Amino acid sequence: MANRREFLQTMAAGGAVLSGLACGGGGSNQSTGDTGGGPPPPPPTPAPTSPILVIVTAEGGMDLLDTLVPIGGANAGAYQSQRPSLKVNPANTTDIGSNIGLNKAFAGMSALHQQGRIAWLPGIGMPNPTLSHFLASDLWSQGSAVPGGTGWLGRYADLAFLKGGDPLRGISTDGLPLAVQGADRNFVNISSPDTYRFPATRSEWGSVDDPSPLRLGFSDGFSLSGTTASSGLKAALDSGRLYDQAQSLFSNLIGTARRTTSVPYPGDAHYPDATLRDDYFHLSSQLKFIAEMIAKDLPSQVFVTVTGGFDTHSNHARDFPLLLKEMGASLNAFYADLASISTSKGNAQDHVIIMGWSEFGRRVRENNGGLDHGTAGLGYVIGKGVKGGLYSNYPDLANLDDNGNMKFTTDFRSLYSTILDKWMGVSSKTVLGASYPNLGFL
């Protein structure tokens, strides 16, 4: 039986998957950068010489329609009729223009939108969409015109990271997803400041009294010479050296004293919203940790985070607002925290953008208190370097596919292409294997 990787390669070889940009649906919202009226926001900051990208993955399939709610035009009627019990009341949204209301449960996002700091991408998706979490995530992770088993950020690392160096340039705070796996280079997984130290694994009796001899022996093991370029031993030694460098550099820079944040994050005892102090705030803790790494001047350029729970097949009306609230409050706290961080390269808020994505959206029609897997979803980019507004057409809810799902309006690789070309400063065509339209938000 073929495994998932073989299945992806077979689909790519047949030309059925991710074969190019095709705008489905349509809708009435144009890619104008509309921020919904009011005074014009301040212009974005110029692209920095030392850019930082933070990626937020919403696992499970984040619903577009209840986040950017249709509140006017033909889409509003279709939305309300398809979701008689789950529809969001327009009074619980903030009008952002183009007949769209931003769900107020997405805490802090309306203020950032009014500041012109969020680019919204409703209807983002892929040709020939899949409703499998695993396959859709793999396709988003690979981001290639012809998927071949490496991730788009991994290929970026292959291209941009120094050979034998840059051990901390790419960090994932929750495992090593496919997106960060390259042919020659991977990111480093660091989930907390207290666990990425030597010895990395501690016994049940605690850490050893003096780890120095172990550390020296560990480092000496990677100083062997005389191996040929093609040998498996050399590959293992090269990988070991990078791991040793990463641990040593991280320990030296992060230190033993924890940073005190400039603003409260969800889950903190002093966070003002009591409803966001009663659960496990994984995204909040990851973003707080990333802010600390930036403040400690780690030489890191890309951070990858993951938050889950968006597979709302049931109890959507109860769960989805809470998920939005936690995500929005975490993002808002992180963005505000960045403004207080001075680094050797300048103020952190001038150097960071945040990109959010989910593997797909939800079906338009509700189903017994929940929503099944859908297709077109929502992407967004936050930062001072962003020209805020709407940068894709909202799907036409009167023109669904045969399964009752929305037709995507913007290829997700255009999002990658825009960030790679305009923020990271590398050739998106080299990384993605084809050229995709720039979306104009940078």
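The values are calculated or read from the model by the stated rules, or taken from the named source; none is laboratory data. This is a predicted model, so every value here is computed, not measured. In this analysis, Cβ positions are derived from the backbone assuming ideal geometry, glycine residues included, and neighbour counts consider all displayed protein chains.
What to note about this one:
- With respect to the conditions (1) of a type in the set (Ser, Thr, Tyr); (2) closer than 18 Å to Gly370 by Cβ; (3) over 20 Å from the mean Cα position of the chain (by Cα), Thr67 falls short on a single one, namely (3).
- Qualifying residue in the range 364-383 (condition: out of contact with any Phe, Trp or Tyr (no Cβ under 9 Å at 6 or more places or on another chain) and modelled with pLDDT under 95): yes
- Which listed residue, of Ala107, Ala76, is at pLDDT 95 or above and within 22 Å of the chain's Cα centre (by Cα): Ala107
- Among the residues listed as Val386, Val364, Val381, the single one being part of a loop (DSSP other than H, G, I, E, B), surrounded by 22 or more Cβ atoms within 10 Å (Cβ to Cβ), in contact with a strand residue (DSSP E or B) (Cβ under 7 Å, 6 or more places away or on another chain) and aliphatic (A, V, I, L, M): Val386
- Odd one out for Tyr335, checked against (1) more than 22 Å from the chain's Cα centre (by Cα); (2) over 18 Å from Asp278 (Cβ atoms): (1)
- Residue identified as under 18 Å from the mean Cα position of the chain (by Cα) and crowded, with 19+ Cβ neighbours inside 10 Å among Leu86, Leu121: Leu121
- Here Leu432 fulfils each of the conditions (1) more than 20 Å from Gly97 (Cα to Cα); (2) surrounded by fewer than 22 Cβ atoms within 10 Å (Cβ to Cβ) apart from (2).
- Test for Gly440: is it touching an Asp or Glu at 6+ places or on another chain (Cβ under 9 Å) and over 20 Å from Ile71 (Cβ atoms): no
- Within the range 153-166, tally of residues that are surrounded by fewer than 24 Cβ atoms within 10 Å (Cβ to Cβ) and either of a type in the set (Phe, Trp, Tyr) or at pLDDT below 95 (or both): 6
- Condition check for Ser248: of a type in the set (S, T, N, Q) and farther than 30 Å from Ala47 by Cβ: yes
- In the range 297-308, the residue that is farthest from the chain's Cα centre (by Cα) out of those that are buried (at least 18 other Cβ atoms within 10 Å of the Cβ) and not aromatic (Phe, Trp, Tyr) is Leu298.
- Test for Ala398: is it among the hydrophobic types (A, V, I, L, M, F, W, C), closer than 24 Å to Gln80 by Cβ and surrounded by fewer than 18 Cβ atoms within 10 Å (Cβ to Cβ): yes
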